[in-house]
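Undergrad: Take a look at the following structure, please.
The values are calculated or read from the model by the stated rules, or taken from the named source; none is laboratory data. Just so we're clear, the structure is a prediction, and the values are computed from it rather than from any experiment. Note that each Cβ is placed from the backbone with ideal geometry, even for glycine, and that neighbours are counted across all protein chains shown.
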């Protein structure tokens, strides 16, 4: 077969395959053009998920009639300065794109009507039907540009049949507009779908306010600001608290030089920053804005420009991880703590014993019996060792000293953010009174986080102290599990766990981390064997410090069902106040929640 030139209409359809994958990709190109035209307000109208109609109207600079005709030719652009034509310095382009294929490619697979007006001149309209110009003439519209795309892929059934449902295509269009709107808070955006206005943000918002308006109104109260500069790179944005997480990763918004991207390097860095703060099936809510010098990033590695390539990927990854960790560290014991509406609804007034009247009785779940504080620790408490900070020591005094401490007046609850312990519910939840409400603490989840943070600190400072067992413990496992533990025994020793092989299907435990105290040695070793099987053996244990330490910490923390003295409960609260990330356990669940005074008054009908 001889080599032949393809006809222009076929060339445009092939180019459309790169640029126009679905309605959302066509919409993204049109909105980016509106942004680059200097628009202050951009209105989007969709029908049928964008399959039937996409209309983008802006108040930008507009185009003259001859420029409109040129814009529908391939490789025509206004985004590459003439001074750079001969040099070919594509990396110097600062607009959202420079490709000339967008409009002609869209016009080759749909009916496209382009209307535009330059300020001080009359408007003009030009219509193209699947690659053929079918009409042009004057048009009435305010200064700016309006692009209408109808019947996308109507004459290309092979492409149209692979589009998803109307609902799915609409969701993709909405996501594309949201990401562009977050990147440009100085521009107002609106979006209508089938006659319903679904998005409307005004120009001039701050970046955090714009992100909150487009994601979750509760985000400002459950997030921390991110701001870090390193070697000419700047990272800003907002990061949701670990307890304000989602079951899917669709609430992660990443921007490079104000360009929305979906990049595996950046997404991996976010996962790494939240590694020991979230369960594996939970994902953080973040909006991160990365500013990088133009010569250190290539935005042209993908036709749709949704992926980027960095000159120094390690620097970028380190910047994101450090910026997020520093911001989350500064959050201290903060947690996404609003009580759920359905939980509050369960606090109902109980009927009187006789069944008469509707007076307020005890709140469901509370009674005098299970609310009484424990004035003295249980016998088990004598062996309990909490982590010790520089400012607050946990209660480890002898029984006589503890009895004297129990008789001392309680501290003033107004002096501490997490208040003062007043009792314990079901030997699991600590009830504390703060100046502005009631705080409930999950004692196991809270102590689990405290032990983990102490283990990480000790491991970073030379190793975790080991506590030799009086009689070594033999733990039976399958042979592959023993092989994994034996191969990592020297690294596990750095965490205070001394293991050696004891036959083909057993491990001998000679010492455990002193921080864990007397725990379930068999359960700890079995869980560690499973943890080692869960990640790539090529990684060193130090690279997976968080997962291994979290497994150990879980086995060394105060269990639910353990009775604590008031002094021990207060010691736990004080340690939480000075420990990073104590607002969530090692699995991302909240360690404490608060009922404000207003919530309490509503429960009893006072408000």
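Undergrad: Report, by residue number, each residue of segment 272-289 that is farther than 14 Å from residue 327 by Cα and assigned to a strand (DSSP E or B).
TA: Listed by number, the residues that qualify are 283, 289.
Undergrad: Another question, then. Kindly evaluate residue 255 against the criterion of being assigned to a strand (DSSP E or B) and assigned by TED's automatic domain parsing to the domain that holds residue 110.
TA: No; evaluated as a whole, the condition is false for this residue.
Undergrad: Another question about this same structure. Outside any loop (DSSP other than H, G, I, E, B), outside the structural domain of residue 175 (by TED's automatic domain parsing) and either in contact with a helix residue (DSSP H, G or I) (Cβ under 8 Å, 6 or more places away or on another chain) or modelled with pLDDT of 90 or more (or both): does that describe residue 319? Spell out how you get there, then give the answer.
TA: Values: outside any loop (DSSP other than H, G, I, E, B): yes; outside the structural domain of residue 175 (by TED's automatic domain parsing): yes; either in contact with a helix residue (DSSP H, G or I) (Cβ under 8 Å, 6 or more places away or on another chain) or modelled with pLDDT of 90 or more (or both): yes.
Considered against the rule, which asks whether it is outside any loop (DSSP other than H, G, I, E, B), outside the structural domain of residue 175 (by TED's automatic domain parsing) and either in contact with a helix residue (DSSP H, G or I) (Cβ under 8 Å, 6 or more places away or on another chain) or modelled with pLDDT of 90 or more (or both), residue 319 comes out as yes.
Undergrad: Checking the condition under 26 Å from residue 584 (Cβ atoms), assigned by TED's automatic domain parsing to the domain that holds residue 594 and modelled with pLDDT under 80, which residue from 434, 397, 426, 415 passes?
TA: On inspection, the qualifying residue turns out to be 415.
Undergrad: Quick check, is residue 149 more than 30 Å from residue 289 (Cα to Cα), surrounded by 20 or more Cβ atoms within 10 Å (Cβ to Cβ) and under 42 Å from the mean Cα position of the chain (by Cα)? Step through it out loud before you land on a result.
TA: Numbers: more than 30 Å from residue 289 (Cα to Cα): yes; surrounded by 20 or more Cβ atoms within 10 Å (Cβ to Cβ): yes; under 42 Å from the mean Cα position of the chain (by Cα): yes.
Yes, satisfied.
Undergrad: What is the residue count in segment 195-218 for residues that are at pLDDT below 90, within 16 Å of residue 258 (Cβ to Cβ) and outside any loop (DSSP other than H, G, I, E, B)?
TA: 2
Undergrad: Restricting the search to segment 290-299, which residues are touching a strand residue (DSSP E or B) at 6+ places or on another chain (Cβ under 8 Å) and not in a loop (DSSP other than H, G, I, E, B)?
TA: Matches in segment 290-299: 290, 291, 296, 297, 298.
Undergrad: Got at least one residue in segment 468-485 being under 29 Å from residue 579 (Cβ atoms), surrounded by 13 or more Cβ atoms within 10 Å (Cβ to Cβ), in contact with a helix residue (DSSP H, G or I) (Cβ under 9 Å, 6 or more places away or on another chain) and modelled with pLDDT of 85 or more?
TA: Yes, the conditions are met somewhere in segment 468-485.
Undergrad: Given (1) under 20 Å from residue 456 (Cα atoms); (2) in a helix (DSSP H, G or I), where does residue 522 come up short, assuming only one miss?
TA: (1)
Undergrad: Could you grab the pairs with beta carbons closer than 9 Å, sequence gap of 6+ or different chains, first residue in segment 38-53 and free of Cβ contacts under 8 Å to residues at least 24 places away in the same chain, second one surrounded by fewer than 24 Cβ atoms within 10 Å (Cβ to Cβ)?
TA: From residues that are free of Cβ contacts under 8 Å to residues at least 24 places away in the same chain, the pairs are 38/59; 38/60; 38/61.
Undergrad: Would you mind stating whether residue 606 is surrounded by fewer than 23 Cβ atoms within 10 Å (Cβ to Cβ), modelled with pLDDT under 70 and part of a loop (DSSP other than H, G, I, E, B)?
TA: Values: surrounded by fewer than 23 Cβ atoms within 10 Å (Cβ to Cβ): yes; modelled with pLDDT under 70: no; part of a loop (DSSP other than H, G, I, E, B): yes.
When the stated conditions are applied, residue 606 does not pass them.
Undergrad: Looking at 269, 181, 239, which is the one that is more than 11 Å from the chain's Cα centre (by Cα), touching a residue at least 40 places away in the same chain (Cβ under 8 Å), crowded, with 21+ Cβ neighbours inside 10 Å and not in a loop (DSSP other than H, G, I, E, B)?
TA: 269
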